[in-house]
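Here, each number is a calculation from the coordinates, and none is a lab measurement. The shown structure was predicted, so the numbers you read here are calculated from the model rather than taken from an experiment. Glycine gets a Cβ as well: all are built from the backbone with ideal geometry, and neighbour counts include every protein chain shown.
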Amino acid sequence: MAKRATVADRPRTPRWLRPTIVGVLLAVAFYQMSGWLFHNLKGFLGLLFLAWLFSITIEPIVDRLERFGMRRGAGTGLVLFSLILLTVGFFAVFGTLLFEQIAQLLTTLPDALTRITDWANRTFDTNFKTGDELFKITPDTVRDLAQRFTPGVLGVLSTLVGALFQILTMLLFVFYMSAEGPKMHRTIASWFPARQQQLIANVWETSVEKAGGYVVSRLILAAAASIFTGIFFLIIGVPYWLPLAIWTGVVSQFIPTLGTYLAIGLPALIAAVQQPLDGVWVIAFGTVYQQIENYVLHPRITARTVSIHPAVAFGSVIVGATLFGPVGALVSVPVVAILQALAESFGHRYELIPEVGGDEPDPDAPELTADNDDYD
């Protein structure tokens, strides 16, 4: 009898303990599996998002072709074929000049840095190291670097095949996302109850409109900056005008905050090495064009897109580059544009009271009281 009493008096394990332990273990396993999948698939996810941005960028043209009676798949194929044809045509016309100037620019850049360093040492009585002293380039160093970093024939072929495969994969996703865009939209909406389908439709339309509009506006501004900058560089005789013009247009539009200074800094440096006065002209042109773009071109082109604060854009690029690398840095700003557009579309802002807003109270405005509906 004493033994039975001892067993009966032993504390029992709570019923919730075992399910809790199992749940915690499953949560940890899910977390580990999610981290592993994210680490291994982040390149593919970035490629997928790039394809989606590309598809919504060409969607207005595809929609117009569809309204003219062309099937959506045929319209998407026609747009992609036209873009590929334009790209091939550009490189056919300017490809040789572009690659020659890039090769010459990379060859003369160390010498340009050495000249500027020597000029700074003479002018400001400094003691900065020149290019030869800084890099300590010797024939043995060059031979070692060549053996270490120059890939073999198989390495070059594998890199080219990999890049070509990624481009074809992205184009395939672009085609299906654009050609099957309405169907994909209906499929996603069908996963939600009827009362939420209108909300999903509004979110989809807002995302497509703002992200696509942002990308298109940046491409237009980059093309305009490249064209006007290239013409100016060609007129004043800046060497390597074509790659420097493309550099200025792309960097100034797709790198937030610092892009403007980086874009004009390299051309000014190259121009100043050849002729110091040309460097001044390049800086002056960049300053004037930036004002024209800010007050004339940018408001007109981006009237229907989201205006993102430079600090927010710069922070999003850092976060995107940390998570996804170069692809993340490229797509981070459109993602922020979508989030900001959704917040503005579905959020609600209240009018500030005079004590917070700093404005003088309007004597004709009704007094805010606890009974006033506007106060809630």
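Please state the shape class of segment 264-327: rounded when a/c is under 1.5, otherwise prolate if a/b exceeds b/c and oblate if not, all from the C-alpha gyration tensor.
oblate
Give, in nm to one decimal, the length gained when the segment between Val280 and Leu258 is fully stretched (0.36 nm per residue of separation minus the Cα-Cα distance).
Length gained between Val280 and Leu258: 5.9 nm.
On average over all directions, what projected area in square nanometres does segment 169-251 have, based on the convex hull of its Cα atoms?
Value for segment 169-251: 7.3 nm².
How high is the FRET efficiency between Ile220 and Trp191 when r is their beta carbon distance and R₀ equals 35 Å, given to the nearest 0.05?
Working: r = 36 Å, r/R0 = 1.02.
Approximately 0.45, to the nearest 0.05.
So what's the net charge close to Gln274: Lys and Arg +1, Asp and Glu -1, counting the other residues with Cβ under 14 Å from its Cβ?
Cβ neighbours under 14 Å give a net charge of -1.
Kindly identify segment 191-308 as rounded, prolate or oblate by the Cα gyration tensor criterion: order the square roots of the eigenvalues as a ≥ b ≥ c, call it rounded if a/c is under 1.5, otherwise compare a/b with b/c, prolate if a/b is larger, else oblate.
In terms of gyration-tensor shape, prolate.
Quick check: pseudo-label points 7 Å beyond the Cα along Cα→Cβ at Glu100 and Arg71, how many nm apart are they?
So the label points at Glu100 and Arg71 sit 4.6 nm apart.
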